[in-house]
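Just below is one structure, and these are the notes that go with it.
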Amino acid sequence: MLITPAQLVDEPLKLDEAFAPGSLEYAPDLRQLGPITLQGSAELLVEHRGPRDLVQDIRIRASYSGDFEQLCARCLEPVQRRLEGSMDLIFRPAGADSQAGEHAITEDETEIGYYEESGLLLEDAVREQVLLALPGRILCRQDCKGLCSHCGINRNLSTCECVDEPANPRFAALAGIAIAHKG
């Protein structure tokens, strides 16, 4: 859904959207299981920078929820989780803050996104919020044993006959220290 400043001039735009699985692209280890629902509003904020210099910011305030599947960081088994969150975001026209040379920005300016001349794609804002809300790594369970580094079997489901050896012979001395330390 494309949101433009012209749509918001008279009144805020009510948002009640559902994004079907496959309509948003995520990381390879993340899959959307059902629709992501989003309810909220978009409004226009006009910033007066001078007599003829107006900046039209778009503010999105909404809540979202959806079900996702992320791969376990150790065994690669899918882990399902419900994601619910809210967003209060400000988007400014691209180039509105461009100045020649280097300059310092305020902490508030780090929270501003930018939209292209054609408008703001709501899908981009939702994708970003989902990716920020999910952990970078997830485990299927705290004591996940992961995959065998030799044969690739999932050690949570079965055992293998592989012998754990240091990957590099130069680390063999360290393996001996670890065994001696356990005893």
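The values are calculated or read from the model by the stated rules, or taken from the named source; none is laboratory data. These numbers were taken from a predicted model, which means no experiment stands behind them. Here the Cβ positions follow ideal geometry from the backbone for every residue, glycine too, while neighbour counts run over all protein chains shown.
Look at the stretch 116-154 and say how many of its residues are part of a helix (DSSP H, G or I) and either β-branched (Val, Ile, Thr) or over 22 Å from the mean Cα position of the chain (by Cα) (or both).
Result for the stretch 116-154: 2.
Going by the structure shown, is ARG49 within 23 Å of MET1 (Cβ to Cβ) and either at pLDDT below 95 or in contact with a Cys (Cβ under 6 Å, 6 or more places away or on another chain) (or both)?
no
Pull out all pairs, ordered by first then second residue, where Cβ-Cβ is under 9 Å, the residues are six or more apart or on different chains, the first lies in the stretch 7-23 and is loosely packed, with under 14 Cβ neighbours inside 10 Å, and the second is of a type in the set (Ser, Thr, Tyr).
Every condition considered, the pairs that remain are LYS14/SER41; ASP16/THR37; ALA18/THR37.
Being in contact (Cβ under 8 Å) with a residue 60 or more places away in the chain and surrounded by 14 or more Cβ atoms within 10 Å (Cβ to Cβ) is the requirement here; does LEU30 meet it?
Numbers: in contact (Cβ under 8 Å) with a residue 60 or more places away in the chain: yes; surrounded by 14 or more Cβ atoms within 10 Å (Cβ to Cβ): yes.
It is true that LEU30 is in contact (Cβ under 8 Å) with a residue 60 or more places away in the chain and surrounded by 14 or more Cβ atoms within 10 Å (Cβ to Cβ).
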